[in-house]
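To start, the structure itself, in structure tokens.
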Amino acid sequence: MLYFTRWKALGIILIALVVCLCAVPPASAQRQSASDIDKQGGLYLVLEVDSNYVKKAELEQVRDDVRRVLRAARIGYQGLAVGPGSVGMRIPKETDLPTALTKLRELSQPSASKGSSSWDIADAGGGNIVISVPQGAMSERIDQTVRQSMEVFEHRIDQLGIGAPVIQRQGADRIVVEVPGAQDLDHLKALLGKTAKLEIRLVDTSVSPDQVKQGIVPADSEILLTATSPKIPYPIKKQVLVSGVDVTDARAGFDQSSDQPIVNFRFNTSGARKFAQATAENVGQPFAVVLDNEVISAPIVREPITGGAGQISGNFTRQQANDLAIMLRTGALPAPLTVIEDRSRI
């Protein structure tokens with residue numbers, strides 16, 4: 001066994017503390033960085049993660065998990081919905097309530113994959129169940145969102161080949177991005193600020209144009225507008241057939257018939273299978289390419305698309321097509337971000 005005298009042990013602890021303090025940049029370092037940007041040119045941004053979006057998304061995931069578990073257990077339920085800070089429902093059959101509570105509590109137990117993401121489950125009486133996510137679990141989810149956003153920023157800037165960015169965390173939900181020497185600042189801000197959440201969904205053909213104008217759609221559909229003006233409303237099914245998570249590569253190109261800029265993309269094995277099945281089951285029906293809740297295009301499925309590849313067209317400029325390809329290759333931001341501070345100088 002190794003043995004240290006009391007004074008030697010104290011010395012080791014003091015050295016370790018000094019090293020740790022040196023490793024943490026002081027608050028003045030961020031101010032100095034912003035000052036360097038002002039002097040040398042480049043971009044300095046402070047962005048804030050939309051914590052409310054993260055919390056809502058977490059509760060929606062809880063709702064979907066609850067629905068899956070209760071259906072698998074053949075337990076009837078009513079009014080399953082996300083409310084302010086919780087998910088609520090009612091179990092109409094009294095004898096089903098104990099089983100429902102047991103199944104939900106089993107699902108809420110912490111695991112290696114969920115970490116501390118357990119739920120608080122309350123029997124509110126009268127067959128009503130209220131599920132909430134503890135503050136610690138929500139903070140963990142926001143922390144994960146910030147870290148994922150930092151990785152996406154790094155990949156997006158790297159794709160532009162404009163030098164090494166400095167990306168640091170600030171507090172619980174903010175990110176500082178510095179890109180010394182950046183020239184096209186508006187372009188860079190637009191590239192970093194776009195969530196780039198890609199979804200392929202079906203157009204709801206059961207809804208008439210008059211119903212769309214009145215905003216009347218079934219519960220499993222919603223009205224989304226086109227990305228370009230004039231803004232045209234489309235009734236879009238909420239179910240996502242394939243998402244940007246399944247995209248493995250994306251490149252800007254030109255349509256051979258129109259010579260307009262497009263984005264060619266390729267799915268992974270899972271995405272290719274889902275896309276092939278969706279197009280095979282919906283020949284003759286329109287599907288929508290949705291980016292950040294805006295309809296980019298809504299082509300008709302002429303035949304099953306089984307090659308695992310596709311293209312997105314939407315009256316893009318060459319730069320817009322290239323930017324979209326970069327965002328699809330590097331992945332979507334897990335949540336929207338807002339620019340809190342912007343310092344730039346050329």
- Message: Between Ala122 and Ser313, how high is the FRET efficiency from 1/(1 + (r/R0)^6) when r is the Cβ-Cβ distance and R₀ = 41 Å? Nearest 0.05.
- Response: 0.25
- Using the number of other C-beta atoms within 10 angstrom as an exposure proxy, rank Phe275, Phe254 with the fewest first. Phe254, Phe275
- For the range 225-241, in residue order, the Karplus 3J(HN,Hα) values (coefficients 6.51, -1.76, 1.60; θ = phi - 60°; whole Hz; Gly and Pro = x) are 9, 6, 6, 9, 8, x, 6, 9, x, 10, x, 10, 4, 6, 5, 8, 6
- Under the Karplus relation 6.51 cos²θ - 1.76 cosθ + 1.60, θ = phi - 60°, what is the ordered set of whole-Hz ³J(HN,Hα) values for the range 313-326, x standing for Gly and Pro? 10, x, 6, 6, 7, 4, 5, 4, 5, 5, 5, 4, 4, 4
- Message: Need the full-extension length gain, Asp143 to Asp259, defined as separation in residues times 0.36 nm minus the C-alpha distance. One decimal, nm.
- Response: 37.4 nm
- Amide proton proximity set for Phe254, modelled H, under 5 Å, gap of 5+: Ile262
- Note on the structure: Sorted by chain and number, the residues with a modelled amide H under 5 Å from that of Ala309, at a separation of 5 or more or across chains, are Phe267
- Query: Using the beta-carbon distance between Asp65 and Val130 and R0 = 25 Å, what value does 1/(1 + (r/R0)^6) give for FRET efficiency, to the nearest 0.05?
  - Reply: 0.95
- Query: Looking at this model, which pairs from Lys103/Lys194; Lys55/Lys189; Lys189/Lys231; Lys189/Lys237; Lys56/Lys213 are more than 30 angstrom apart at the alpha-carbon?
  - Reply: Lys103/Lys194; Lys189/Lys237
- Just how far, in whole angstrom, is the range 117-143 from the range 214-230 if you go by their alpha carbon centroids? 32
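Can you sort Leu324, Leu101 from fewest to most other Cβ atoms within 10 Å of each residue's own Cβ?
The order, fewest Cβ neighbours first, is Leu101, Leu324.
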- Query: Under a 5 Å amide H to amide H cut-off, with H placed in plane at 1.01 Å, what residues pair with Lys197 once short-range neighbours are removed?
  - Reply: Asp292
- Task: Subtract the Cα-Cα distance of Asp210 and Gln168 from 0.36 nm times their separation in residues, and report this length gain in nm to one decimal.
- Result: 10.1 nm
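A short reminder: the numbers here are calculations on the coordinates, not readings from a lab. Fair warning: this is a prediction, and the values are worked out from it, not measured in the lab. Positions of Cβ are backbone-derived with ideal geometry, glycine not excepted, and every protein chain shown enters the neighbour counts.
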